[in-house]
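Okay, structure first, notes after.
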Amino acid sequence: MHVLAERLPYVTLLLRVHGNTETERWALERRRAFDKVIARLVRDSVADGDVRADIDAATTARLLLGMVNSLVGWYRPTTRSGDVVDRLAAQVTTLAFDGLRT
């Protein structure tokens, strides 16, 4: 979250690449590798009993990353305060692990 917030214009550009150039293909490969890391973490968490077992790890990874990456479409910091980003990260974590229900 902090990298995304601190480098918003660059992250926005990287999330819009389509693989038309060598640099874009490199960026896509990095994103795919990161997707795989997150999916593996989800699978490991399922195996450890920390995350529900009725979810697909790859889909969950993409949904979680989509939630975080969607910030580039609407997040416009008015301050460089890390507190704002920490609160956003806490909200993402709460939503991801506790859901919307009370």
Checklist outcome for this item: Among residues of segment 67-87 being of a type in the set (A, V, I, L, M) and over 12 Å from the mean Cα position of the chain (by Cα), the residue nearest to Leu8 (Cα to Cα) is Val85
Checklist entry - Which residues, counting only those in segment 33-66, are under 11 Å from the mean Cα position of the chain (by Cα) and either surrounded by 13 or more Cβ atoms within 10 Å (Cβ to Cβ) or without any contact (Cβ under 8 Å) to a residue 24 or more places away in the chain (or both)? => result Asp35, Ile38, Thr60, Ala61, Arg62, Leu63, Leu64, Leu65, Gly66
Checklist entry - Does segment 43-99 hold any residues that are closer than 20 Å to Arg31 by Cα, outside any helix (DSSP H, G or I) and at pLDDT 90 or above, and which are they? => result Asp56
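The values are calculated or read from the model by the stated rules, or taken from the named source; none is laboratory data. Small disclaimer: the values here were computed from a predicted structure and weren't measured. Don't worry about glycine lacking a Cβ; one is built from the backbone with ideal geometry, like all the others, and counts go over all protein chains shown.
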